[in-house]
Amino acid sequence: MARSGINPISYRPWAGKRTRHIYRLYVISRAVFSEKVRSKGVLVLLFIGVILVHAFPLIFKVLLPHEGLTTDDMIGQGNTIFGGGLFLILSMLLAAVVSSDLVSRDLSDNSFVLYFSRPIRPLDYMVGKMAGGFSVMSIFCLLPVLAFGLAIIATQSGSDYLESLGVLGLGAVAGILTSVFFLGFGTMLSSVTRSRAYAGVGTFVSFFVLSLISGLFQNIDANWLLANPFNLLQYSYSMIFGKGLPEELSPNLYWAVISSILLLPLLVAYWRIHLKATGK
């Protein structure tokens, strides 16, 4: 039987002193993480993603002789983690499922009444929710990347471990960027609707619409490639691993676009949460 009414947050009863600020954030993020990892949809996506995206490149690389972990192992051609489109598509789908009800469910069942009856600020609420969502995203976007790199380093024949660890650190940055990129946009859509379905489908559709627009105009100006979120992330991986942008693209425009898509959704989500917290 489906639950109804206000969603519990799992705070302990007040015992005469205020709960620590960090603990309040931890409670919110833990509740999000615990709920998401019990979701069948999330578990299916994580299982399929880890097997198809991370397991095969790991097996392929470990079985072959290698001197160390290189950038080509991360974003090169063939069996690499960041080099294929499947990683991006599954990351987007996972973010759509994870973020679809981060805020929208609280809007629909009036859980804001319970959240903001506590000493919680809108920023606390948003950080806690996104931290919980990020912890789920990291199971696919970050932790397997670290496992892949550490396995390669542990079986390498070369002695330059510092260089391999440097590549591993860049891989972690790329995984974090992917999580924030998709999760921020999904959280924004979740904050503007009471419907979980609208938020989830909206995330999925928005990115593919942008991809279609990019494809229509890229022959007129190559910079339209930056309107495609998947291209934008691939170019970001190239920047992270030191390969640079294609010559036909404007670096200034790239930085403007990537900054906008990372920051604007977060600002919109915060603005919406702030309005609801103040009863507007």
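With r defined as the distance between the Cβ atoms of residue 147 and residue 220 and R0 fixed at 45 Å, what FRET efficiency is calculated, to the nearest 0.05? Numbers along the way, then the final one.
Numbers: r = 43 Å, r/R0 = 0.95.
Calculated value: 0.55.
Take 103, 27, 32, 127 and order them by how many other Cβ atoms sit within 10 Å, fewest up front.
On the way: 103 30, 27 19, 32 23, 127 16.
Going from sparsest to densest Cβ surroundings: 127, 27, 32, 103.
Can you pull the one-decimal nm distance between simple spin-label points at residue 194 and residue 38, each 7 Å off the Cα toward Cβ?
Modelled inter-label distance: 2.5 nm.
Arrange the peptides 144-154, 226-236 so that the one whose residues have, on average, the most other Cβ atoms within 10 Å appears first.
Answer by packing, highest mean first, reads 226-236, 144-154.
Once you wrap a convex hull around the alpha carbon atoms of the stretch 21-277, what is its projected area averaged over all directions, in nm²?
Numbers: hull surface 59.0 nm².
Projected over every direction and averaged, the Cα hull of the stretch 21-277 covers 14.7 nm².
Report the relative contact order of the chain, percent, no decimals, based on alpha-carbon pairs under 8 angstrom and at least 6 residues apart.
Details: 345 pairs, mean separation 66.0, N = 280.
Contact order relative to length: 24 percent.
Scanning the chain for helices, which whole DSSP H stretches are 30 Å or more long along the axis (Cα) and average -0.5 or more by Kyte-Doolittle? Walk me through the numbers on the way to the answer.
On the way: long enough: 161-191 (44 Å, 1.48); 196-217 (32 Å, 1.51); 251-277 (39 Å, 1.10).
Within the chain the helices that satisfy the rule are 161-191, 196-217, 251-277.
No lab work stands behind these numbers, since they all come straight from the coordinates. Note that the coordinates shown come from a computational prediction; the quantities given were computed from them, not determined experimentally. We place every Cβ from the backbone using ideal geometry, glycine too, and count neighbours over all the protein chains shown.
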